Amino acid sequence: MSVTIKDVAKEVGVAPSTVSRTLKDHPSISQETKEKVRKAMDKLGYVPNVSAQNLANKYVDTIGIILPVIGSKERKSNPFYLEIMTAMNEEASKQKVTISVASAPTQEELLANVELMYRQKRVDGFILLYVEEDDMVLDYLVKQKVPFTMIGQPYKYFNETSCVDNDNQLLGYTATQHLLDKGHKKIIFVTNNQKENFFKERYFGYQKCLMEKEMTSLPVMSLIDPQSYLTFETCLKEEQPTACIAIDDMFALRLIQMLNLSGYKVPDDISVISFNNSIFTTLLHPYITSIDVNAAQLGKTAVEEFLTQLKEPTELKKRVIIPHKLIENETVMKLK
């Protein structure tokens with residue numbers, strides 16, 4: 001049988017309300033009485049009912065972090081999520097709040113987890129770490145007026161969404177411009193993810209840069225299965241690109257392996273540039289030239305923005321842009 005506030009009160013010889021106030025560290029209770037109550041709690045093994053306390057308070061000081069439904073092993077081990085969540089956890093500690101993670105193998109299960117966490121008042125709201133075109137989780141958050149912030153830019157509900165993001169169009173533009181500056185004219189964009197908005201924005205940035213220079217962009221190459229690998233090999237022979245833009249560093253490693261297997265050396269035959277500047281850029285030689293998206297700042301700012309929106313709600317939602325930086329390594333060669 002579990003120990004109650006009444007049991008603790010009886011042990012000390014005080015009213016249950018005194019025990020309750022001690023739990024909240026209320027200044028009306030003397031330090032001597034608080035110490036007696038706390039000793040009695042330890043002696044009897046009393047555990048506070050956090051759920052009941054949460055229902056009585058306005059805030060529970062916990063932020064739910066919603067991870068995307070991650071299908072492939074590659075995406076599950078992507079260091080971007082680890083880096084961004086580490087930064088969020090550090091900032092949450094500074095702000096005296098905690099982090100709770102919502103994840104699931106399907107969109108339906110993810111929605112059920114999110115609904116349960118919010119309904120039981122285990123979180124004050126959420127930060128989404130992904131953007132998808134048709135997202136039932138985002139639909140729920142907006143329609144139920146749940147406080148939330150998103151890392152990325154939504155396809156819809158733009159006026160109802162607080163966002164922290166890079167300028168992904170500018171990222172794609174910057175990568176393409178860097179290759180052009182190095183003398184490359186045949187550039188191909190390669191990805192293993194076409195679902196999320198950041199891919200579309202980066203690809204559009206690539207197209208925009210080439211269009212401004214009155215140069216032709218090539219159709220995106222999506223490498224998701226053995227058939228697409230064969231199509232890519234044919235594309236390399238027919239188009240003879242001198243450079244590839246990879247959607248992120250982890251995929252860039254796979255791309256470099258594929259190019260090597262097809263008889264191309266990086267960067268001697270084909271240059272490669274990527275995004276994120278994660279640990280994968282310096283795992284193997286040649287080190288990957290990459291654009292640093294400042295994942296730590298994305299995570300820190302998302303926590304700050306969420307708490308601002310929570311404590312000072314406003315109709316006007318903000319989009320905060322985190323700057324990027326090009327990190328030159330060994331996978332881009334300057335053409336003569």
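The values are calculated or read from the model by the stated rules, or taken from the named source; none is laboratory data. The model shown is predicted, which means the values in this text are computed figures rather than measured ones. When we count neighbours, we look across all protein chains shown, and the Cβ atoms used for this are built from the backbone with ideal geometry, even at glycine. Heavy atoms of the whole protein, side chains included, go into the accessibility calculation; ligands, DNA and RNA do not. Shrake-Rupley method; radii C 1.70, N 1.55, O 1.52, S 1.80 Å.
R0 = 45 Å: FRET efficiency of His26 with Thr282, Cβ-based, nearest 0.05? Don't skip to the end; give the middle numbers.
Details: r = 53 Å, r/R0 = 1.19.
It comes to 0.25.
When Lys and Arg each count +1 and Asp and Glu each count -1, what net charge do the other residues less than 13 Å away from Glu239, Cβ to Cβ, add up to?
+1
To one decimal place, what Kirkwood hydrodynamic radius in Å is obtained for the chain from all pairs of distinct Cα atoms?
22.8 Å
Can you give the percent of C-alpha pairs in the range 179-219 whose distance is more than 12 Å?
Values: 508 of 820 pairs.
In whole percent, the share of Cα-Cα pairs in the range 179-219 beyond 12 Å is 62.
As I understand it, the value is the acute angle between the Cα axis of helix 31-44 and the longest principal axis of the Cα atoms of the chain; what does it come to in degrees, rounded to 10?
80 degrees
Quick check: net charge around Leu326, other residues with Cβ under 12 Å of its Cβ, Lys/Arg +1 and Asp/Glu -1?
Residues near Leu326 contribute -1 overall.
Got a number for carbon plus sulfur as a percent of the range 210-336's accessible area, 1.4 Å probe? Mind showing how you got there, number by number?
On the way: 3610 of 6760 Å².
Carbon with sulfur: 53 percent of the solvent-accessible area.
On a C-alpha basis, how far is the centre of the range 319-336 from the centre of the range 106-148 in Å? Whole number, if you could?
Cα centres, the range 319-336 to the range 106-148: 34 Å.
When ligands, DNA and RNA are left out and all protein chains stay put, how many square angstrom of accessible area per residue does the range 168-292 have with a 1.4 Å probe? Mind dumping the intermediate values first?
On the way: 5550 Å² over 125 residues.
Accessible area per residue: 44 Å².
Using a 7 Å offset from Cα along Cα-Cβ at Val47, what residues in the range 1-39 end up with backbone N under 11 Å from the label point?
Backbone N within reach: 2-3.
Treat every Asp and Glu Cβ in the chain as -1 and every Lys and Arg Cβ as +1, leave all other atoms uncharged, and give the resulting dipole magnitude about the Cα centre to the nearest 20 debye.
Roughly 1020 debye, rounded to the nearest 20.
Of Phe189, Phe232, Phe275, which is the most mobile in a GNM of the chain whose springs link Cα atoms less than 10 angstrom apart?
Evaluated over the chain, the most mobile residue of the options is Phe232.
How far is the Cα center of the range 207-280 from the Cα center of the range 6-20, in Å?
69 Å
Just to confirm a number: summing +1 for Lys and Arg and -1 for Asp and Glu over residues other than Val47 whose beta-carbon lies under 14 angstrom from that of Val47, what do you get?
0
Highest GNM mean-square fluctuation, the chain, Cα pairs closer than 10 Å: which of Ser93, Ser228, Ser20?
Comparing Ser93, Ser228, Ser20 in the GNM, the peak value goes to Ser20.
Using +1 at the Cβ of each Lys and Arg and -1 at the Cβ of each Asp and Glu in the chain, identify which of Gly263, Ile273, Leu171 lies farthest towards the dipole's positive end.
Leu171
Calculated from DSSP H runs of 4 or more alone, at -39500 (n - 2.57) each and per residue, what is the 222 nm mean residue ellipticity of the chain, nearest 500?
For the chain, the value works out to -14000 deg cm²/dmol.
Return the single residue from Glu312, Glu108, Glu133 with maximal mean-square fluctuation; model: Gaussian network over the chain, springs between Cα atoms under 10 Å.
Glu312
Just to be sure I understand the model, the point goes 7 Å from the Cα along the line to the Cβ. What's the resulting Gln194 to Lys6 distance in nm?
6.5 nm
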